[in-house]
Amino acid sequence: MSFLYPLGLLGLIAIPVLIIIYIIKNKYTEQVISATYLWTLSEKFLKRKNPINRLTGIISLILQMLAVIFISFAIAHPVFVLPGAANDFLFIIDGSGSMNIASNGKTRFDAGKDEIVSLIKDSADGSTYTLIFAAEETEVIYENLDDKERAVNFLKELSPSFLASGFTDAISAAQNYFNENSGVKTVLVTDKDYENYENVTLIKVSAGEQNYALSEVTPSLSGGKLSVSGTAYSYESDATVTVELFVNGSDSAVASQQVELKKLEGSQFTLDGGDNADYRSLRVAIKEGDGLSLDNEVVLHNIKTDNSYKTLIISENQTFFIKTALKAVGNTQIDEVTPEKYELADYSGYGLYVYDGYSPVIMPSDGAVWFINPTVSTEKSGFSVQGVVEPEAPGAVFVYNPSSATRVKNLLRGVVKDDITAFKYVKCGLYRNFTTALSHGGNPVVFAGTNGYGNREMVFAFDISDSDLAMSVNFTTLVYNLLSYTFPSIVDETVYYCGDTVLVNVLANCNSIKAEAPSGKTEYLDVSNEICEYTLKEAGVYTFTLIISNVSRTVNVFSQLPEAERFTTVSEQSFVISGEASEQKRDGKYEDLLILFIILAVIFIADWMVYCYEQYQLR
């Protein structure tokens, strides 16, 4: 036996103090009686009938000494060792997305936690507990913890992830624990079926729950009409479900369709959205409930709603090619003026200024800028005009940038890299951080970046009509890429899977970007680069809020549960811990003070009875 707080035994000093008090205590008391004769008779009667009266003082002393002893032991907290009665437990709990599947209001993950809590509470005192959480990453929550209450409390704080996860790292960690202690009791809590497992106790928490899901939901426009198509699945049995379409957050469905589902076979559906081509958001949902609501709906947001802009072209040349390309790929209203008119009036409020064969004296500060065949250097443009280069016939053949950098790939996405030839071009010197798409002899001829006002800027350092670019299949594609760079959507897509990374475009003059997850957790992104990355770890609607020149702009994206986590039953190959298990155990302990407190209560009651007898017994 040992004591947790041995200083509590100092309370035994009270025993000799009690004895001293008992010795020096005055044992005589004055009593008023009616007559000496009556007192004498009473005294004789008491001596004859109540011989225990002489011992009441000693009994009280003994009881008080026992009370002091038991109180001191209780404070010292004795611990009794029980040889070989306890175990070392290693719990591994599956935290993958499928553990969110629920039955009777309780998720598989909650059921798994209950199983572990039961094992902890039923184990012998003195056992130790190690918990491994296998989610997006394998994490050791606690190790060799011998406090049952703390082990349970840490476990209760866990919640499943929304991502696919494997057990490779968990198996490796379990093997290391087994190598150190072959007597460890390893318990795996999961909803997966394992064909082979060794040196591990498998607790399966799946119960054949029903689950429906939506996949590949896509909107389309035809003749100004909206339609939404997709695929519905049933993972547990054949079923008939109703798929509904909701527009702009409405609670009333604008379209619905009954879909016959075969187990594990996708069934197509198409919903008629009518005249909602300019929708802000669409929600497609399965009406029937099931065990996993996370994959029963898909929310689509229209990223093109706020992407309209006005364009001003300043040119004396024929601008047919550039106007046609802009109208074909952009949601834009185009105005056109000559350089003379432009210099005489104050033009502002345009999202894009296109200078064709002309360079302004002062750069506009309120919009993006395109230069086509610039003539002179312009302050804050970020580049200088150094003269015209006229190669020998057949002209200059432009070279595509071979870099694999993200920005280069975006500028040249979908471009067929056929030769582009120009009769002449403008040699430019760059003194800002521009990205070159095409060059000749080391001189950039198509490049993009930001100007001194922080606005996007793109440069064609040649006259389009003096080249064969406008006649090639690449012209429209290249203009689309440059336009997408100039007026980037905040995000390129609005539907992702958990675990995907969203590329968030940092718009010109953007001061901050706040990302808010479905759970309400917020994070501010780094806006020092033109593109920042954000990984989606939850299922549901994410909100990105940009502050651009003190004006707020918001975009939403939807994160779906990975398709691999939607299956109600998943078979895995093996969870094998190699080695020979032993019956090695650790010493248990008993430290329950309940018996001490019961004995102490009995002593106090007995002492109170003796006291009452001593005070109120007739004499």
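Worth a mention:
- Qualifying residue in the stretch 493-508 (condition: of a type in the set (Ser, Thr, Tyr), outside any loop (DSSP other than H, G, I, E, B) and in contact with a Pro (Cβ under 7 Å, 6 or more places away or on another chain)): yes
- Residue 417 being within 22 Å of residue 477 (Cα to Cα), loosely packed, with under 13 Cβ neighbours inside 10 Å, over 38 Å from the mean Cα position of the chain (by Cα) and among the basic types (Lys, Arg): yes
- Test: residue in the stretch 463-470 that is at pLDDT 95 or above and in a loop (DSSP other than H, G, I, E, B): no
- Residues that are at pLDDT 90 or above and touching a strand residue (DSSP E or B) at 6+ places or on another chain (Cβ under 6 Å) number at least 3 in the following strands (runs of 3 or more DSSP E) confined to the stretch 518-619: 522-524, 531-535, 540-548, 551-560.
- Pick from the stretch 100-129, criterion free of Cβ contacts under 8 Å to residues at least 60 places away in the same chain and more than 24 Å from the chain's Cα centre (by Cα), ranking: nearest to residue 89 (Cα to Cα): 129
- Residue 229 passes every criterion in (1) under 29 Å from residue 500 (Cα atoms); (2) surrounded by fewer than 18 Cβ atoms within 10 Å (Cβ to Cβ); (3) at pLDDT below 95 apart from (3).
- Within the option set 198, 209, being in contact with a strand residue (DSSP E or B) (Cβ under 6 Å, 6 or more places away or on another chain) and buried (at least 19 other Cβ atoms within 10 Å of the Cβ) holds for one residue only, 209.
- Here the condition is being closer than 18 Å to residue 293 by Cβ, crowded, with 16+ Cβ neighbours inside 10 Å and at pLDDT below 95; of 145, 214, 163, it holds for 163 alone.
- Between 173, 207, the distinction of being among the aliphatic types (A, V, I, L, M), more than 30 Å from residue 282 (Cβ to Cβ), in a helix (DSSP H, G or I) and under 27 Å from the mean Cα position of the chain (by Cα) belongs to 173 only.
- Enumerated strands (runs of 3 or more DSSP E) restricted to the stretch 381-449, each holding at least 3 residues that are under 19 Å from residue 371 (Cβ atoms) and in the same structural domain as residue 462 (by TED's automatic domain parsing): 383-389, 425-430, 435-440
- Filter result for the condition that a residue is at pLDDT 90 or above and more than 26 Å from residue 289 (Cβ to Cβ), over 174, 111, 124: 174
- Selection count, the stretch 106-153, where residues are in contact with a strand residue (DSSP E or B) (Cβ under 9 Å, 6 or more places away or on another chain) and in a strand (DSSP E or B): 15
- The one condition in (1) among the β-branched types (Val, Ile, Thr); (2) surrounded by 13 or more Cβ atoms within 10 Å (Cβ to Cβ); (3) closer than 27 Å to residue 562 by Cβ that residue 240 fails to fulfil: (2)
- Residue in the stretch 385-396 that is surrounded by fewer than 19 Cβ atoms within 10 Å (Cβ to Cβ) and without any contact (Cβ under 8 Å) to a residue 24 or more places away in the chain present: yes
- Those residues of the stretch 531-563 which are touching a helix residue (DSSP H, G or I) at 6+ places or on another chain (Cβ under 7 Å) and exposed (fewer than 15 other Cβ atoms within 10 Å of the Cβ), in sequence order: 531
- Sole residue being surrounded by fewer than 17 Cβ atoms within 10 Å (Cβ to Cβ), more than 16 Å from residue 428 (Cβ to Cβ) and among the basic types (Lys, Arg), chosen from 380, 327: 327
The values are calculated or read from the model by the stated rules, or taken from the named source; none is laboratory data. None of these values were measured; they are calculated from a predicted model. All Cβ positions, even for glycine, are placed from backbone atoms using ideal geometry, and neighbour counts span all protein chains on display.
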